[in-house]
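One structure is given below, encoded as structure tokens.
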Amino acid sequence: METHVNGEIDVGKRKKQIRIIGAGISGLVACKHALEQGFNPIIFESSNCIGGVWSNTIESTKLQTPKDFYQFSDFTWPKSVTETFPNHNQVKDYIESYALHFNILKHIQFNAKVVSIDYCCEDDGEEMAAGCDNLWGGTGRAFSPKRKWVVTVLDLLHPMDPYKVYEVDFVILCIGKFSGLPNIPHFPMNRGPEVFDGKVIHSMDYAEMGSIRATKLVKDKRVAVIGFQKSAIDLAAEVARLNGVKHPCTLLLRRVHWTVPEGFLKLSFQNLNRFSELMIHKPREGFFLWFLAILLSPLLCIFSKFVESYLKWIYPLKKYNMIPDHGFLRQISSCMFTVLPADFYRMVEEGSLILKKSKSYCFCKKGLIIDEEENLPLKTDIVIFATGYRSDDKLCNIFTSTYFQKCITGSSSPFYRECIHPRIPQLAILGYSESPAILYTTEMQSKWLAHFLAGKFKLPTIAEMEEDVLRWEKCMQRYACKYYKRACVSVLLQIYCNDLQCGDMNLNPRRKKKMLSELFAPYKPSDYQRSV
């Protein structure tokens, strides 16, 4: 099916109803590339703005990815942004400029909350439709003449109005991993937040307050932040800068992770090239690639040990008992990669930020009881959970069908090409997989998906797709071990994943003009601006 006929958009594509849920980065790129292939998608966005997590985030948040790797392939950063790691306002402006430039806003319905989606078939059940003839959706193609998704939407501006119901041919879920459903730990009876006299919130609530209200909340208060990922570290540093040594912020953590300075991260991204990927085992690799990975794998161990030694040298990790019990390579293999604010350990040294490791904690009237030390409670006024999100539950809850819910929760493996579940037809999930540069990864997936929607290739059988995702799981577990996460596939093999997608789209995966550049130069989003 061609996109244009005599200069006009193919009418058949215009009639296909594609709905995108979420107007974050993944929703915007999905819409843009679907438009390029001749479709007329509509985005349902529950808020009144675009940008996903970048529309509401902690004031001090910056990119953890160099901007050359966190950009749209066909829309560069403005020259006014000179920083390697732009702040959240600059990122938000960049995303909004992208949407305006490609005229995406007119395809968005704001304040439209998708309550549920349900798969409807004329003559068979969900299970049969999901595996009919062992082909995805019965045909291996994006669309089916007999099967539709029913999308139920609530108008948040008029919540008393009846729900609007849409029958659509394809759904693209772009609901994100880091919003919506916070992960709050469970506590025994009379040991949870209900017994605490102070205030308990999640980092999501803090971010949604905005800078002025958030500052007012924590100013001159005893604050404890729980967690040790990006949001926890940024939030604790922000509070410590505000309150100083008079009211130090306590960062409470169970497990220590390796954190790196911005300069090191910039250097690391410059080494994301084909040569570095030769050190990594790949699914379905032939003997030559297997042997090469075996031969070069000692370089990975040397790199990991070098980084660990470097971080111990520049940070007082031993002094504050902050040396992780796992290797650096194992951590980045599981997508745990956090940039440390430049003044983090200075604040620890001066006493405005207190690091406290604990195996367990619970609440009491005046604060937190650490490791069952009842007589020495951590007195605090505000406790902020920076403990992540229940992304799987959030994804499952949108499905009406318990069968499809089990498809999500019952699988330990990644999705095919990181966005297609072999048993859920006529639906794709973007923005779920993690990588060092999520925009880069998601845009490649959206290009692949747009080609698939346009009928330019078909999917393998369900059995072949399931075999493929299991191979990926086994491959990634080799490096991440117990820290393996199914959403983390392309972190070590971004170029290899891109090559597979280019192969499906019948595009040339080799994007450099010279042999040495092809092997040793980093691959960036700009390399994929050309379609061939």
What FRET efficiency, computed as 1/(1 + (r/R0)^6) with R0 = 35 Å and r the Cβ-Cβ distance, is obtained for residue 190 and residue 89, rounded to the nearest 0.05?
0.20
Could you tally up the Lys pairs in the stretch 67-226 with alpha carbons closer than 15 Å? Skip any pair fewer than 8 positions apart unless they're on separate chains.
6
Surface accessible to a 1.4 Å probe, residue 197 within the full protein complex, Å²:
110
Just read off the accessible area of residue 403 with the full protein assembly in place, 1.4 Å probe, to the nearest 10 Å².
50
Projected area averaged over all directions for the convex hull of the alpha carbon atoms of the stretch 214-262, nm², comes out at 3.7
Taking N as the number of residues in the chain, what value does Rg over Cα atoms divided by 2.2 N^0.38 Å take?
1.00
Scattering from the C-alpha atoms of the stretch 458-507 alone, worked out with Debye: what is log10 I(q)/I(0) at q = 0.21, 0.24 1/Å?
-0.85, -1.00
Please say if the stretch 426-482 is rounded, prolate or oblate, where rounded means a/c under 1.5 for a ≥ b ≥ c the square roots of the C-alpha gyration tensor eigenvalues, and otherwise the choice is prolate for a/b larger than b/c and oblate otherwise?
oblate
Over the stretch 60-193, how many percent of alpha carbon pairs lie in each 10 Å bin up to the one with the longest distance?
9, 23, 24, 27, 16, 2
Please list, in order along the stretch 382-387, the HN-Hα scalar couplings obtained from phi with the Karplus expression 6.51 cos²θ - 1.76 cosθ + 1.60 (θ = phi - 60°), rounded to whole Hz, x for Gly and Pro.
9, 10, 10, 7, 10, 10
What part of the accessible area of the chain, given as a whole %, is carbon or sulfur when the probe is 1.4 angstrom?
55
Return the sequence-ordered ³J(HN,Hα) values of the stretch 189-196 in whole Hz as given by the Karplus equation 6.51 cos²θ - 1.76 cosθ + 1.60 applied to θ = phi - 60°, using x for Gly and Pro.
4, 6, 10, x, x, 5, 8, 8
With Cβ to Cβ distances under 14 Å as the rule, what net charge do the other residues near residue 320 carry (K, R +1; D, E -1)?
+4
Taking R0 as 60 Å and r as the Cβ-Cβ distance between residue 515 and residue 364, the FRET efficiency 1/(1 + (r/R0)^6), rounded to the nearest 0.05, comes to 0.35
Tell me the relative contact order for the chain as a rounded percent, counting alpha carbon contacts under 8 Å between residues six or more apart.
22
Looking at the square roots a ≥ b ≥ c of the eigenvalues of the Cα gyration tensor of the stretch 402-532, which shape do they give, rounded for a/c under 1.5, prolate if a/b is larger than b/c, or oblate?
oblate
Which of the three applies to the stretch 284-371, rounded, prolate or oblate, going by the alpha-carbon gyration tensor with a ≥ b ≥ c and a/c under 1.5 meaning rounded?
prolate
Using alpha carbons only, what's the Rg to Rh ratio of the stretch 132-241 with Rh from Kirkwood?
1.16
Could you order peptides 435-448, 456-469, 235-248 by the average number of other Cβ atoms within 10 Å of their residues, highest first?
435-448, 235-248, 456-469
Inter-centroid distance (Cα atoms) of the stretch 166-186 relative to the stretch 48-101, Å:
22
In the stretch 371-398, whose amide N lies under 17 Å from the spot 7 Å out along Cα-to-Cβ of residue 483? List them in ranges.
388
For the ranges 509-516, 50-57, 148-155, what's the packing order if you count other beta-carbon atoms within 10 Å of each residue, average per peptide, and put the highest first?
50-57, 148-155, 509-516
What are the DSSP H helices in the chain that stretch 15 Å or more along their long axis, judged by alpha-carbon atoms, and whose average Kyte-Doolittle hydropathy comes to at least 0.5?
25-36, 287-314
Ranked from highest to lowest mean number of other Cβ atoms within 10 Å per residue, what is the order of the peptides 156-166, 291-301?
291-301, 156-166
In µm²/s, what is D for the stretch 56-101 at 10 °C and 1.306 mPa s, where D = kT/(6 pi eta Rh) by Stokes-Einstein and Rh is the Kirkwood radius from Cα pairs?
145
Gain upon complete extension [residue 325, residue 74; 0.36 nm per residue less C-alpha separation]
86.2 nm
Report, largest value first, the span of the C-alpha coordinates of the stretch 193-385 along each principal axis, in whole Å.
64, 33, 33
Centroid-to-centroid separation of the stretch 267-287 and the stretch 315-336 [C-alpha atoms, Å]:
23
Fraction of antiparallel bridges per DSSP, the chain only, in percent to nearest 5:
45
The chain, accessible area per residue, ligands and nucleic acids excluded (1.4 Å, Å²)
46
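The values are calculated or read from the model by the stated rules, or taken from the named source; none is laboratory data. Small disclaimer: the values here were computed from a predicted structure and weren't measured. Every residue, glycine as well, gets a Cβ built from its backbone with ideal geometry; the counts of neighbours run over all protein chains shown. Just the protein is used for accessible areas: all its heavy atoms, side chains included, with ligands, DNA and RNA removed. Shrake-Rupley method; radii C 1.70, N 1.55, O 1.52, S 1.80 Å.
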